[in-house]
Each structure stands twice: as structure tokens, then as C-alpha cells.
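**Student:** Can you read through this structure? Questions will come right after.
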Amino acid sequence: MIDPLERWQRYGEKPDYAGLLTFSGVSYTEDPAELAGADVVIVGAPTDDLVSDRPGARFAPRAIRAASCPPGPHLEARIDGIGELRVVDFGDAAVVPADPLRTHDAIEETVALVLERGAIPIVLGGDHGIAEPDIRACARRHGPVGLIHFDAHTDTGTEVFGASRSHGTPMYRLVRDGHVAPRRYVQLGLRGYWPGEREFAWQAQQGITSIFMHEVRDRGIRAVTGGAIEVAGAGPVFVSIDIDALDPGFAPGTGTPEPGGMTSADLLWAVREIASRVELVGAEVVEVIPTAVGSADITALVADRIVRELITGLALRRRG
Ligand SMILES: [Mn+2]
């Protein structure tokens, strides 16, 4: 285990731009045995072979780590999630360029190693195709999971451009294969012009709940988040956050941006609230396309803060 803060111990903290690049400066290991006792484990999944428009999400795990800020008390929640919980950075899954099948196997294997040690994996994507190995690993450990899915799109196509494995199809495949319990599956932030009637008819048949962006706007984030938590219900829950749920004004670095989305303030609160109230077994933040370094990349920055809110919510739940 490497503690990136150790060299700066006499100063109490490490500058964000210096030292080993880990999430929030937490300890780093690639040895699964060293994950014993960890509460939350960060895994990178740098792959974007399955995008249908603009690529670049393969650079996100590094960018999110580079944008991440050191531990400290959350000024609203009044708790330091990283101080309270044992958080470890397990590095990146051994992805293979241009080979999405082997890449997904590597991601599933890495996430499974985290789950075997009893920790909660938080995966930094990557395109949304990684939902398939991420959630499959969680379902193989915990049984079919409830799913709270923030996105502009449903990602429940049977195919996109004729491809059945795409960043537009993972949720269809996960429901079809029994890894997601459809009646405990809720989508938040849907808007724009995709998908069509066929997909929504299939979703209705499965009992999937869709909360559209206009409902978030009209009913407010507290009401729709409360509703989503009710749909997910008791039992294991996975939270999947596609950064394009946010308005492109807040998260311009993404592959299929859709204007008219959520605010950062709403989404950050919602993920903390969810993590503090459900039985979270895993989470992912996907579809971030960074273009700048460190805190200059506002999309990677908000992705980092989303992960911090998840950790803060988990710490609140632990405290009771
Ligand atoms: Mn998506």
C-alpha cells in the first residue's frame, strides 16, 4: 500500500498537483489482499470503444483523480467521508484498446475483487457500456440489484447502429439477463429525442420507472429523489451516474450532450441523499470527456465531487 500523503506529512497535506495520482490522495494498491477492511474502493475503467458519437471518456479516470481534492469536512453535511471511512484507490482495470469484450471482462474481474473483500466499488468510467460489467459483478455477488440511473438517455436500446453492445444498450442487456430488478429500476433526468416508442413500451412492460427532466424541473429535486429511493426500495442498490444527466453548461465534456439538464447543485445533493438512505453496493460515474488538466476541467471536477458526495452519504449512513 502506498500512501501518497506520507512525504508531505510534516505539512499535514499534499498539494493536489504533486505526488502519486490517486483519488483524493487516498492510499493506492493493486494487491487485492490489501483491500481487506476497506469500506469504499475506487476503480478506474478507462475505455470508450462503445461510444456512438464523440470519444474521449477513456481519459476520464486520470482526469477525475487529477481534479479530486484532498479529504476534509463537507461544509453542509458536517462530516469528512474520507476520514470516516476507509477509502482505497485500486487503480485501473486492465483495459484492452479496441477489444471491448476483453475490456469488460477485465472490469468485471476487478470490480469482483473489490466485492469479494466486502467493500463498495465506485467505478470511474469510461463510456456507459461499463455499466454491464460493473452491475453484473454486483448482481453476481448480491443477487439482482435495484438501480438508480441518472442520465439524459435511457440506454435501453436493443442495438445502436446495429451494434448490440454499445453505450446505448447496457441497461436493456442487464434487465434482460436478470442482473437488474426492473421494478426496482428508476431513471432520472431523461430528455431530448431518444429513444422512441418501442423502447419505452418495453420499459413499461418491464415495470421500469422513468422520471423525465421536465418532472425534475416541475416537482423539484427533493420530491423526485424521494420517489426514486422508494422505487429502489430495500435490498442492494447500484447507482449509475451518466454525467450527461447534467446540463452541458455544467458538464460540457461529454460524448452525447443534451441541453436542458440538471444543475450540479441538484445532482450533488441527490447522490448524497441516495447514498445515505439506500443499501448501496456499488456506483459508477461515466461519460466524462476531459479536455483540461486538474481543476481546470470542470466536467472532471464535478465528477470528482459526485464521488465525494457518494462517500459523504455513505459516511452519514454509517454514523446513523
Ligand atoms: Mn448513458
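The values are calculated or read from the model by the stated rules, or taken from the named source; none is laboratory data. Note that the structure is a prediction, hence the values are computed from the model and not measured. Cβ atoms come from the backbone with ideal geometry, glycine included; neighbour counts cover every protein chain shown.
**Student:** Is there a residue being of a type in the set (Phe, Trp, Tyr) and more than 21 Å from Val43 (Cβ to Cβ) anywhere in the stretch 165-177? Talk me through it step by step, then tell me what you get.
**Tutor:** The initial filter retains those residues of the stretch 165-177 that are of a type in the set (Phe, Trp, Tyr), namely 172.
If we keep only those that are more than 21 Å from Val43 (Cβ to Cβ) too, we end up with 172.
Yes, the stretch 165-177 contains a residue that is of a type in the set (Phe, Trp, Tyr) and more than 21 Å from Val43 (Cβ to Cβ).
**Student:** Kindly indicate which of Ile64, Ile82 is within 30 Å of Val160 (Cα to Cα) and within 19 Å of the chain's Cα centre (by Cα).
**Tutor:** Ile64
One line per residue, one yes/no per condition, for (1) within 16 Å of the ligand (Cβ to nearest atom); (2) surrounded by fewer than 24 Cβ atoms within 10 Å (Cβ to Cβ); (3) not hydroxyl-bearing (Ser, Thr, Tyr):
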residue	(1), (2), (3)
Glu108	no, yes, yes
Leu115	no, yes, yes
Ile120	no, yes, yes
Ile130	yes, no, yes
Cys138	no, no, yes
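**Student:** Quick one: Leu124 ticks every box in (1) closer than 28 Å to Lys14 by Cα; (2) under 17 Å from the mean Cα position of the chain (by Cα); (3) of a type in the set (A, V, I, L, M); (4) more than 16 Å from the ligand (Cβ to nearest atom) except a single one, so which number is it?
**Tutor:** Answer for Leu124: the failing condition is (4).
**Student:** Which condition does Gly146 not pass, out of (1) over 19 Å from Ile243 (Cβ atoms); (2) crowded, with 24+ Cβ neighbours inside 10 Å; (3) within 14 Å of the ligand (Cβ to nearest atom), if it passes all the others?
**Tutor:** (3)
**Student:** Could you please find all residues in the stretch 261-280 being in contact (Cβ under 8 Å) with a residue 60 or more places away in the chain and more than 16 Å from the ligand (Cβ to nearest atom)?
**Tutor:** Across the stretch 261-280, the qualifying residues are Ala270, Arg272, Ile274, Val278, Leu280.
**Student:** Still on this structure, I have one more. Within the stretch 229-249, how many residues are at negative phi, more than 16 Å from the ligand (Cβ to nearest atom) and not β-branched (Val, Ile, Thr)? Steps first, answer last, please.
**Tutor:** Taking the stretch 229-249 as the starting set, the residues that turn out to be at negative phi are 229-232, 234, 236-249.
Keeping just the survivors that are more than 16 Å from the ligand (Cβ to nearest atom) gives 229-232, 234, 236-237, 249.
Checking the rest, the ones that are also not β-branched (Val, Ile, Thr) come to 230, 232, 234, 236, 249.
Counting residues in the stretch 229-249 that are at negative phi, more than 16 Å from the ligand (Cβ to nearest atom) and not β-branched (Val, Ile, Thr) gives 5.
**Student:** When you go through (1) within 16 Å of the ligand (Cβ to nearest atom); (2) under 30 Å from Ala36 (Cβ atoms); (3) surrounded by fewer than 23 Cβ atoms within 10 Å (Cβ to Cβ) one by one for Arg165, which number turns out not to apply?
**Tutor:** (2)
**Student:** Here is a further query. Of the conditions (1) in contact (Cβ under 8 Å) with a residue 60 or more places away in the chain; (2) farther than 19 Å from Gly72 by Cα; (3) of a type outside the set (Phe, Trp, Tyr), Val26 satisfies every one except a single condition; which number is it?
**Tutor:** Checking Val26 against (1) in contact (Cβ under 8 Å) with a residue 60 or more places away in the chain; (2) farther than 19 Å from Gly72 by Cα; (3) of a type outside the set (Phe, Trp, Tyr), the one that fails is (2).
**Student:** Right, next: Right, Gly294: away from the ligand (no atom under 16 Å from the Cβ), at pLDDT 95 or above and surrounded by fewer than 20 Cβ atoms within 10 Å (Cβ to Cβ) or not?
**Tutor:** Against the criterion (away from the ligand (no atom under 16 Å from the Cβ), at pLDDT 95 or above and surrounded by fewer than 20 Cβ atoms within 10 Å (Cβ to Cβ)), Gly294 does not qualify.
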